[in-house]
Amino acid sequence: MTAATQTMRITYREAIRQAIREALQRDPRVFVMGEDVGRYGGCYAVTKGLLQEFGPERIRDTPLSESAFVGAGIGAALGGMRPIVEIMTVNFSLLALDQIVNNAATILHMSGGQFNIPIVIRMTTGAGRQLAAQHSHSFDGWYAHIPGLKVLTPATLEDARGMLWTALEDPDPVLIFEHGTLYNVEGDLAADAGAVNIGQAAIRRPGKDVSLITYGGTLGKSLQAAEQLAADKIDAEVVDLRTLRPLDTGTILDSVARTHRAVIIDEGWRSGSISAEISARIMEGAFYELDLPVARLCSAEVPMPYAKHMEEAALPQVATIVETVRRMMGGNG
Amino acid sequence: MVPQADPAQPTLQRTHALHLLSDMVRVRRFEEKCAELYSASKIRGFLHLCIGEEAVAVGAIQALTPDDAIVATYREHGHALVRGIPAKAIMAEMYGKQDGCSRGRGGSMHIFDAATRFYGGNAIVGGGLPIAVGLALADKLQGRSRVNACFFGDGAVAEGEFHECMNLAALWKLPVLFCCENNLYAMGTALKRSESETDLCLKAGSYEIAAWPVDGMDVLACEEAAHRAALEVRAGGGPCFLEFRTYRFRAHSMYDPQLYRDKQEVEEWKLRDPIALFQTRLREQELINDDDVKQIEDEVAAEIAHAIEFAEAGTLEPIDDLTKFVYSERQRS
């Protein structure tokens, strides 16, 4: 086995930790800041051990002041640093919305190009862990509405490992959404895995009958659904968006041009969602390629319930993806 | 034998006195001209004038070196002028011309200038405080001895960001000079109608921040306090908080009929007009004469006339450039 093909068994959590650790080793301007990132080791244990290695100046526990520490990250970025700010969960990021939307996303433009803000903000997103209506939402697509931000949704080990590097190289604010159900996902990752691009969608499973377009926490479900559909001789292509802003429209349209059918699987709410945006772009750019209307599988439009059966019912699932595609294919022969 | 006065000393005092007076007159006349230009529809959007509050910006900014940073509010023309951003660049900005300091992207409320480390022009009350904290954090992490002056009004103390930032700056002993311009009104809401505790220094003090009130109508008092505070901040002792007690003579913005305050109150404060007070004092001390005042007025009038000429002659940015500066054009590592 050569060095290039050596792999290691690793979790999504560990892949992110390695990326952060490497960034701290590589660039003295990088530091980590957030609630319980130090002594506690991170709410989801992503930053565990980093305090001991890099010390409290670079692994900074903050008060529960999302607006202040996210804004301080913006200021520190303006002052020449490369902050990685961790927000425990996407719902808490709403407390820092002023800083993210009114400052991080606007200052480059408002200043006529004088001040760019190279900040990386990481946060946990998504449902599936019975955390109810204040720890489970998917605002990834919501943030993708905002010009000035870049929105990344790593769904694979390679992206968990490699997106941070690229995000830190970026001169502008980058938000990284880590789906909470992914942290314990384990798999093989090339030992030399490194930076990955952050502007392109990826075909995770090629197919010719239908495009399953998804990202983040529903990529795994879509891939499983594709396997089940294969048993029915339905060859589904799975598109992992990877980046919600900028959205890689080209890869989406190319896929639809090949399969002529599209199902968008999105853990966000349907109304005004990223799935709505993707659907619109397919209409605008590939209308005559479509054999059928675009279908969408989104979360039920309710605050996320606690009870397991209710939460499951609220989310796109492998079975509902399979069922949607079967119905679609059945209706069209 | 009567000792001879040091001939250098009065000259120095006189030079400095003329400098302070000249800066206050510059700000006053500039603001008056802005009001005129607003009525003539040359300036649009919101326009907030600092007439009556000139001593604060002029006094406080004397304590800053070119390496220091300023974060200001939407009532920031005065600070920008005193900091050294050319009047013509500020005026062109308000004209919406690409020759403006923010290329016409910001307008009156968003003056930015990298050359003088002027980080806006923030039009979200309290929104600039986290940025100042972050700039200070970057200085601390990079071992730089710089002061980050953050201007905000009394209205900001009701915002959560104020309290989050007081705490964070004090907790991490960051070099922030908090300059609260207490003009008694958050737009139209009197401090006493919106705060259970109206002693603002007490609020800052509760976060273990050295805080003291300053007569914001006395430019020398403002200057002295700022020097004292900047010395402490620069020495690494953590933040200081100055409450400049001042008063806005004009309306909040150009759309304000001022129903919330008595004319009598305004007239009483006008008796403490910072420019008139300072002029009177200088005349009493025989440091200046009528010719000096005339010369200042003439120079200021010429500067403003030139600024308007520049703004009038400025060019509008091509519409093709509309989407520039949403993201940086070049990657920066």
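No value in this document is a laboratory result; all are computed from the given coordinates. Keep in mind that what you see is a predicted model, and the values were worked out from it rather than measured. Cβ placement follows ideal geometry from the backbone for every residue including glycine, while neighbour counts extend to all protein chains displayed.
Normalised radius of gyration for the range A:3-125, please: alpha carbon Rg relative to 2.2 N^0.38 Å, two decimal places.
Numbers: Rg = 15.2 Å, N = 123, 2.2 N^0.38 = 13.7 Å.
So the range A:3-125 has a normalised radius of gyration of 1.11.
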Original post:
Sequence-distant or interchain residues sharing an amide H contact under 5 Å with A:ARG60, placed H: which?
Top reply: A:VAL32, A:MET33, A:GLY34
**OP:** Please arrange B:TYR38, B:TYR255 by counting, for each residue, the other beta carbons lying within 10 Å of its beta carbon, fewest first.
**Re:** B:TYR255, B:TYR38
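What's the average, rounded to a whole number, of partner chain beta-carbon atoms within 10 Å of each residue's beta-carbon in A:55-63?
Taking all residues of A:55-63 together, the mean is 2.
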**OP:** Kindly rank B:58-69, A:193-204, B:120-131 from highest to lowest mean number of other beta carbons found within 10 Å of each residue.
**Re:** B:120-131, B:58-69, A:193-204
Original post:
Among residues other than B:GLU317 whose Cβ falls under 11 Å from its Cβ, what is the net charge (Lys/Arg +1, Asp/Glu -1)?
Top reply: +1
Original post:
Of A:MET310, A:VAL239, A:ALA193, which is farthest on the positive side of the dipole of the range A:152-310, counting Cα position, with +1 on Lys and Arg Cβ, -1 on Asp and Glu Cβ, and the Cα centre as origin?
Top reply: A:MET310
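Sum up the charges of everything whose Cβ sits under 10 Å from the Cβ of A:GLY126, counting Lys and Arg as +1 and Asp and Glu as -1, but leave A:GLY126 out. Present the calculation step by step, with values, prior to reporting the outcome.
Working: positive: A:ARG129; negative: A:ASP140, A:GLU178, A:GLU267.
Summing Lys/Arg as +1 and Asp/Glu as -1 gives -2.
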Original post:
Taking the Cβ-Cβ separation of B:VAL266 and A:GLN130 as r and a Förster radius of 60 Å, what is the calculated FRET efficiency to the nearest 0.05?
Top reply: 0.50
Original post:
What is the packing order of peptides B:160-169, B:203-212, taking the mean over residues of other C-beta atoms within 10 Å and listing the highest first?
Top reply: B:160-169, B:203-212
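Compute the Kirkwood hydrodynamic radius of the range B:1-157, taking the inverse of the mean of 1/r over all pairs of distinct Cα atoms, and give it in Å to one decimal.
Taking every pair of different Cα atoms in the range B:1-157, averaging 1/r and inverting gives 16.7 Å.
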Original post:
Between the range A:266-333 and the range B:137-212, how many Å separate their Cα centres?
Top reply: 48 Å
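Given R₀ = 51 Å, what would the calculated FRET efficiency be for B:HIS227 paired with A:ALA231, taking r from the Cβ atoms and rounding to 0.05? Working shown, then result.
Numbers: r = 79 Å, r/R0 = 1.54.
Calculated value: 0.05.
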Original post:
If Lys and Arg each add +1 and Asp and Glu each add -1, what is the summed charge of the other residues whose beta carbon sits under 14 Å from the beta carbon of A:ALA295?
Top reply: +1
Original post:
Going by alpha carbons, how many degrees (0 to 90, nearest 10) lie between the helix axis of A:249-259 and the longest principal axis of chain A?
Top reply: 20 degrees
Subject >> For B:ASN122, residues with placed amide H under 5 Å, excluding near neighbours >> reply: B:ALA72, B:THR73, B:TYR74
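Take the alpha carbon atoms of chain A, find their radius of gyration, then divide it by 2.2 N^0.38 Å using N residues; give the quotient. Can you show the working numbers first?
Values: Rg = 19.8 Å, N = 333, 2.2 N^0.38 = 20.0 Å.
Normalised by 2.2 N^0.38 Å, the Cα Rg of chain A equals 0.99.
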**OP:** For B:GLN13 paired with A:GLU323, estimate the spin-label separation in nm (one decimal), with each label point 7 Å from Cα along the Cα-to-Cβ line.
**Re:** 8.9 nm
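Going by C-beta contacts inside 10 Å, put A:ILE176, A:ILE10 in order with the fewest on the left. Write down the numbers at each step before the final one.
Working: A:ILE176 25, A:ILE10 20.
Listing A:ILE176, A:ILE10 from fewest to most nearby Cβ atoms yields A:ILE10, A:ILE176.
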Original post:
Could you list log10 I(q)/I(0) for the range A:202-331 at q = 0.14, 0.16, 0.21, 0.22 Å⁻¹, which the Debye formula gives when each Cα is one point scatterer?
Top reply: -0.55, -0.72, -1.24, -1.35
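Beyond 22 Å, what share of the Cα-Cα pairs of the range B:48-133 remains, rounded to the nearest whole percent? Don't skip to the answer; put the middle values down first.
Numbers: 630 of 3655 pairs.
Of all Cα-Cα pairs in the range B:48-133, 17 percent lie more than 22 Å apart.
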Subject >> Cleavage-rule hits (GluC sites (Glu not before Pro)) in the range A:271-333: DSSP loop, at most 13 neighbouring Cβ within 10 angstrom >> reply: A:GLU301
**OP:** Compute the acute angle (0 to 90°) between the alpha-carbon long axis of helix A:219-231 and the principal axis of greatest extent of the alpha-carbon atoms of chain A; round to the nearest 10°.
**Re:** 20 degrees
Subject >> Lys, Arg +1 and Asp, Glu -1 on Cβ, resulting dipole of the range A:202-331 about Cα centre, debye, nearest 20 >> reply: 80 debye
Subject >> Residues with amide H under 5 Å from that of B:MET254, placed H, sequence gap 5 or more >> reply: B:LEU47
Subject >> Pairwise label distance in nanometres, A:ASP27 with A:LEU97, each label 7 Å out on the Cα-Cβ vector >> reply: 2.9 nm
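Do the sum for the protein assembly as shown: with -39,500 (n - 2.57) for every DSSP H run of n ≥ 4, divided by all residues, what is the mean residue ellipticity at 222 nm, to the nearest 500 deg cm²/dmol? All intermediate terms of the calculation are to be shown ahead of the outcome.
Working: 23 runs with 261 residues, N = 666.
Computed ellipticity for the protein assembly as shown at 222 nm equals -12000 deg cm²/dmol.
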Original post:
What ranking of A:TYR306, B:TYR185 emerges when the number of other C-beta atoms within 10 Å of each C-beta is taken as an exposure proxy, fewest first?
Top reply: A:TYR306, B:TYR185
**OP:** Using only Cα atoms, tell me the angle between helix A:318-331 and the longest principal axis of chain A; keep it within 0 to 90° and round to the nearest 10.
**Re:** 30 degrees
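Name the trypsin sites (Lys or Arg not before Pro) in the range B:17-109 that are in a loop by DSSP and that have at most 14 other C-beta atoms within 10 Å, would you?
Details: sites: B:ARG26, B:ARG28, B:ARG29, B:LYS33, B:LYS42, B:ARG44, B:ARG75, B:ARG83, B:LYS88, B:LYS97, B:ARG103, B:ARG105; in loops: B:LYS42, B:ARG44, B:ARG75, B:LYS97, B:ARG103, B:ARG105.
In loop regions of the range B:17-109 (DSSP not H, G, I, E or B), the sparsely surrounded trypsin sites (Lys or Arg not before Pro) are B:ARG44.
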Original post:
Given the convex hull over the Cα atoms of the range B:34-319, what projected area results after averaging over all orientations, in nm²?
Top reply: 15.7 nm²
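Counting pairs of alpha carbon atoms under 8 Å apart in space and at least six apart in sequence, what relative contact order in percent does the range B:34-319 give? Don't skip to the answer; put the middle values down first.
Values: 560 pairs, mean separation 68.2, N = 286.
It rounds to 24 percent for the range B:34-319.
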Subject >> trypsin sites (Lys or Arg not before Pro) restricted to the range A:227-265 and DSSP loop, no more than 14 other C-beta within 10 Å >> reply: A:LYS233
Original post:
Taking the alpha-carbon centroid of each part, what is the distance from the range A:126-167 to the range A:62-78 in angstrom?
Top reply: 19 Å
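Hull surface divided by four, with the convex hull built on the Cα atoms of the protein assembly as shown: how many nm²? Working shown, then result.
Working: hull surface 145.1 nm².
For the protein assembly as shown, averaging the hull's shadow over all directions gives 36.3 nm².
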Original post:
Cross-link partners among lysines for B:LYS263, C-alpha distance below 28 Å, same-chain residues fewer than 8 apart left out?
Top reply: B:LYS33, B:LYS192
Subject >> Averaged over A:23-29, number of beta-carbon atoms from partner chains that fall within 10 Å >> reply: 1
**OP:** Can you tell me the relative contact order of chain A? Whole percent, Cα pairs under 8 Å, sequence separation 6 or more.
**Re:** 16 percent
Original post:
From Cα coordinates alone, what are the radius of gyration and Dmax values for the range B:115-250 in angstrom?
Top reply: 14.1, 43
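For the peptides B:311-320, A:84-93, B:295-304, A:219-228, what is the packing order when you average, over each peptide's residues, the other Cβ atoms within 10 Å and list the highest mean first? The partial results should precede the final answer.
Details: B:311-320: 13.0, A:84-93: 23.3, B:295-304: 15.2, A:219-228: 21.5.
Final packing ranking: A:84-93, A:219-228, B:295-304, B:311-320.
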**OP:** Could you give the size of the charge dipole of the range A:7-190 about its Cα centre, using +1 on the Cβ of each K and R and -1 on the Cβ of each D and E, expressed in debye and rounded to the nearest 20?
**Re:** 220 debye
**OP:** For peptide B:157-164, compute the average count of partner chain beta-carbon atoms within 10 Å of each residue's beta-carbon.
**Re:** 4
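How big is the dipole moment of chain A about its Cα centre under a simple scheme where the beta carbon of each Lys and Arg is +1, that of each Asp and Glu is -1, and everything else is neutral? Debye, nearest 20, please.
Working: 30 positive and 39 negative charges, 44 e Å.
That gives a dipole near 220 debye.
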**OP:** Pull up the DSSP beta bridges for the range A:190-267 and report the antiparallel fraction as a percent, rounded to 5.
**Re:** 25 percent
Original post:
Which percent, nearest 5, of DSSP beta bridges in the range B:43-187 are antiparallel?
Top reply: 15 percent
Subject >> For the range A:17-59 and the range B:55-84, distance of Cα centres in Å >> reply: 36 Å
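Over the Cα atoms of the range B:222-333, compute the convex hull volume and normalise it per residue, giving Å³. Can you show the working numbers first?
Values: hull volume 30.9 nm³, N = 112.
Here the figure is 276 Å³ per residue.
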